[in-house]
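Novice: Quick one: structure below, then a few questions.
Nothing in this text is a laboratory measurement; each read-out follows from the coordinates by a stated rule. Please read all numbers here as calculations on a predicted model, not as lab measurements. We place every Cβ from the backbone using ideal geometry, glycine too, and count neighbours over all the protein chains shown.
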Amino acid sequence: MTAKLVLFMTAAFAHHALTAFMKNQYAVEVEQVEACPDNEKTANPLRNLHFSRYNRTHKSLSYDFSYDRPLDEKVGGSMIVERWGDGGWIRMPFVDYQPNICKNVVRYFKDSWVNFYRAAGVPHPDKCPIPAIFQMKNKYSVDVTSVEACPDNDKLVNPITNLKITRYNRTYKTFSYDFTYDRPIDEKIGGSVSVSKWADGRWVDIPFLGFQRDVCKYNHRFFKEHWVTYHKCAGVPHPDRCPIPPGNYSLRNYMVDTSLITFPFFSGRFRVKPIMQDINTKEIIQCYIYIVDVTELF
């Protein structure tokens, strides 16, 4: 019996499908991405969904998901399109239920399909079926192998200095460095996190966390434990409050808690680069790089 699996289409895939026949006559902007109302009742609900502006023209989408079965010939799919009119959503004919969704989407929307599953870490995303995959947290180990200053660190107003990384024990490393905030980290300072995966002899960019305004409040909302622990270790007074005051700080023997790294990674080597910038001038306030190895446990 053919199983029907409701697929949540990414912003990129939906954009490609909607513009497939427009011939450059229209501008399309994805305003919002959300889980379906019955998300919690599905066999594979979406978790930790974040939709944010990446730059002036693009937005980025992140979420955790799992497949409890391979996307093979037994799994089909459809895409429903509705247009707002007369105070309600009016359904428009679009893509009816298609058997073997992997094969059909690869045939008609291959680039979007492959890019999506490559970003999710699926091996061989250009081939069908897509294997059953699960969230990282119980099946992968994460090792922060090194911490580096960004290549243009010396040109920054607030460069990182005296960076050292040492092994704490067989499973953990610590790192230390000195840094300065020449201004408060308040609503005028934003931030982003770029992620790349080592593949085919080079770093391949993965869409992750685009520029967010008021980086202090944003991190308090979504990554509070990591943000507070980091600034507490650096000697910041009241690290659980915003803004972070200007000053000279020294991070000493900071141990990265890898349990806080919940990005939807899969096996491989990743480069994670957090950046803080002045919202108005785009001047980089701070930039460093984590090199992270993710290993499948079984």
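Novice: Per the Cauchy relation, a quarter of the hull surface: what is the mean projected area of the convex hull of the alpha carbons in the stretch 66-170, in nm²?
Specialist: Mean projected area of the Cα convex hull: 13.7 nm².
Novice: Turning to a different aspect of this structure: Semi-axes of the equivalent ellipsoid for the stretch 140-296, please: Cα gyration tensor eigenvalues, times 5, square-rooted, ordered largest first, whole Å.
Specialist: Those come to 24, 18, 16 Å.
Novice: Moving to a separate point now. Enumerate the whole-percent occupancy of each 10 Å bin, from 0 to the last occupied one, for all C-alpha pair distances of the stretch 115-221.
Specialist: 10, 26, 38, 21, 5, 0
Novice: Next question, about the same structure. Roughly how many nanometres apart are two label points built 7 Å out from the Cα toward the Cβ at Asn48 and Ile80?
Specialist: So the label points at Asn48 and Ile80 sit 2.9 nm apart.
Novice: Let me ask another. What nm value, rounded to one decimal, do you get for the distance between Lys164 and Ala27 when each label is placed 7 Å out toward the C-beta?
Specialist: Label-label distance for Lys164 and Ala27, simple model: 5.4 nm.
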